Amino acid sequence: MKSTVEQLSPTRVRLSVEVPFDELAPDFDRAYETLAQQVNIPGFRKGKAPAKLIEARVGRDAVLSQVINDALPGKYSQAVLDSEIKALGQPEIDIDKLEYGETFSFKAEVDVRPEITLPAYSDIEVEVPSLEVTDADVDEQVEGLRARFGTLKGVERAVQEGDFITIDLSATVDGEDVEDAKTSGLSHEVGSGNLIDGLDEAVVGLEAGGSKTFPTTLVAGEHAGKEAEVTVTVGSVKERELPELDDDFAQLASEFDTVDELREDLRGNVEQNKRLGQAADIRDAVLEKLLESVEVPLPEAVVKEQADSNVHDVLHQVGHNEELLETALKAQGTTREEFETQARESAEKQVKVQLLLDAIADAQDVQVDQQELQEHILFQSQRYGMQPQEFIQQVQQAGQLPALFQEVRRGKGLADVVQEVKVVDTDGNTVDTKALFDREDEDEADEAPAEAAADASTDEADEK
């Protein structure tokens, strides 16, 4: 078999492939074996009829067509490997010549990863927020810990922000009751904003047994996106009673004996979290700088596939109900055309990020070992709230294991780049990126940024 490549554009090629007829012999053997199980020929058991009789019964052209259909994917894949192109997506294949006993030829047009010229990373400079831990940050952690150990007690007064209440809800749209909006005995923390717009403002000032009706826009169910009149009735009112902040509390809530020791430990936790946050800021800033400075030709078919996927994901969230989507878009003040334009723009950036990170990983010759892949799978399973084995099973069934591998590879490549750029904080201090992104360091603080970098491409377009 021989193949040639014609460059049609920076992101698309045409493969011309010729396959000598004798190379199809194994494919003919498999085709005859398959047909022998399907064709009944008098005097022969199923699977035992000779090829010549099978050919006479079904026709030579039918046999040839089955052989070509079975052989074509493998011949195309072999041509891609032989030509060393980096194919993206599905090819468009045209058969040039198909005659029994003659050389079989076909052409395949397919999008490919473009050649990308990368800058000198040492010339890149980004600025990120400075890392500062204040007493107020520590106080916030202390109050959060006290809240975890707090107790709720009933009060006989009007509802205030921060209270815990039980409520009954009902709603009407155009005067008609909305059945799926009815609920009773629902627990709610006032001020959390976890339920529907306008609820927290409506209940403040009500006492147990009090009701109020307020307007809002429904966000789920059959009437999602429509204006509704919601009535809320307060059942009970409780406030959280916090424990005293003393050494007894420190011993109850931690392994420390004193409040001072507890606060010092919490300060370390805050610093750790801010350090990881700064690492994410650096990663994002470097990636944006690269996107601004590097020209990345975009394969149209891949962008379209990703844009279609973005639209499909949103449709899936509303049960593929086009009317419901239109209503929701209208409630957001946008049109279907604007929505699809945004999906296209998002897809272009997703594909650009993916191609850029792949080029970086290639240039850095990034390798991914089994342990790194397993760690990323664990990271993603936790992100989706699934058991690792269940997550792996779903990934394998969807054929997405190679995509996870690519995520890790891209993340490692970006982490390598970050270590070479100049990073300063808003106070003018140089940030030591090696301490944040050096993969040789085993502690959790240095592993997390690499995971975050890998996660940057989780929602990008998948290479097929």
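Against the test of being assigned to a helix (DSSP H, G or I) and modelled with pLDDT of 75 or more, the options E23, E33, E6 yield a single qualifying residue, E23.
Every test in (1) under 15 Å from the mean Cα position of the chain (by Cα); (2) surrounded by 14 or more Cβ atoms within 10 Å (Cβ to Cβ) is passed by V368 save one, and that test is (1).
Return yes when S184 is at pLDDT 90 or above, under 30 Å from T231 (Cα atoms), of a type outside the set (D, E, K, R) and touching an Asp or Glu at 6+ places or on another chain (Cβ under 9 Å) and no when it is not. Yes, satisfied.
Could you count how many residues in the range 348-403 are polar (S, T, N, Q) and under 30 Å from E300 (Cα atoms)? Within the range 348-403, residues that are polar (S, T, N, Q) and under 30 Å from E300 (Cα atoms) number 9. Set side by side, the residues E338, E345, E323, E292 differ, and just one is in a helix (DSSP H, G or I), out of contact with any helix residue (DSSP H, G or I) (no Cβ under 7 Å at 6 or more places or on another chain) and either closer than 23 Å to K422 by Cα or of a type outside the set (D, E, K, R) (or both), which is E292. Within the range 144-167, being among the β-branched types (V, I, T), touching a Leu at 6+ places or on another chain (Cβ under 9 Å) and part of a loop (DSSP other than H, G, I, E, B) holds for one residue alone: V159. Residues in the range 282-328 that are touching a residue at least 60 places away in the same chain (Cβ under 8 Å) and within 25 Å of E222 (Cα to Cα) were compared, and the one that is farthest from the chain's Cα centre (by Cα) is T327.
Taken over the range 137-181, the residue count meeting the criterion of being hydrophobic (A, V, I, L, M, F, W, C) and either out of contact with any Gly (no Cβ under 8 Å at 6 or more places or on another chain) or free of Cβ contacts under 8 Å to residues at least 40 places away in the same chain (or both) is 11.
Condition check ((1) crowded, with 17+ Cβ neighbours inside 10 Å; (2) modelled with pLDDT under 90; (3) in contact with a strand residue (DSSP E or B) (Cβ under 6 Å, 6 or more places away or on another chain)) across all residues:
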| position | (1), (2), (3) |
| --- | --- |
| T335 | no, no, no |
| E338 | no, no, no |
| A361 | yes, no, no |
| Y384 | no, yes, no |
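Counting only residues that are of a type outside the set (A, V, I, L, M), touching a helix residue (DSSP H, G or I) at 6+ places or on another chain (Cβ under 8 Å) and touching a residue at least 24 places away in the same chain (Cβ under 8 Å), which one in the range 237-253 is surrounded by the most Cβ atoms within 10 Å (Cβ to Cβ)?
F249
Across the range 233-279, the qualifying residues are those that are assigned to a helix (DSSP H, G or I) and among the acidic types (D, E), and the one among them that is nearest to F214 (Cα to Cα) is E271. Listed by first and then second residue, the pairs linking a residue in the range 14-28 that is in contact (Cβ under 8 Å) with a residue 12 or more places away in the chain and more than 10 Å from F104 (Cα to Cα) to a residue that is of a type in the set (G, A, S) and not in a strand (DSSP E or B), with Cβ atoms under 8 Å apart and 6 or more places separating them unless they lie on different chains, are L15/A79; L15/S83; D27/A71; F28/A51.
Quick check on the range 123-130. Is at least one of its residues more than 30 Å from T433 (Cβ to Cβ) and either in contact (Cβ under 8 Å) with a residue 60 or more places away in the chain or exposed (fewer than 10 other Cβ atoms within 10 Å of the Cβ) (or both)? For the range 123-130, residues more than 30 Å from T433 (Cβ to Cβ) and either in contact (Cβ under 8 Å) with a residue 60 or more places away in the chain or exposed (fewer than 10 other Cβ atoms within 10 Å of the Cβ) (or both): absent.
If the condition is being farther than 11 Å from A171 by Cα and out of contact with any helix residue (DSSP H, G or I) (no Cβ under 8 Å at 6 or more places or on another chain), then the range 221-234 contributes only T233. With the structure loaded, tell me whether E229 is among the charged types (D, E, K, R) and in a loop (DSSP other than H, G, I, E, B) or whether it fails that test. In short, no. Being in a strand (DSSP E or B) and surrounded by 11 or more Cβ atoms within 10 Å (Cβ to Cβ) is a property that I196 lacks. For L131, the conditions (1) assigned by TED's automatic domain parsing to the domain that holds G235; (2) touching a helix residue (DSSP H, G or I) at 6+ places or on another chain (Cβ under 8 Å); (3) assigned to a loop (DSSP other than H, G, I, E, B); (4) not aromatic (F, W, Y) are fulfilled apart from (1). Considered as a group, the residues in the range 87-97 that are surrounded by 15 or more Cβ atoms within 10 Å (Cβ to Cβ) and not β-branched (V, I, T) include one that is farthest from T4 (Cα to Cα), and that residue is G89.
The values are calculated or read from the model by the stated rules, or taken from the named source; none is laboratory data. None of these values were measured; they are calculated from a predicted model. For neighbour counting, all protein chains shown are included, and Cβ atoms are generated from backbone atoms with ideal geometry for every residue, glycine included.
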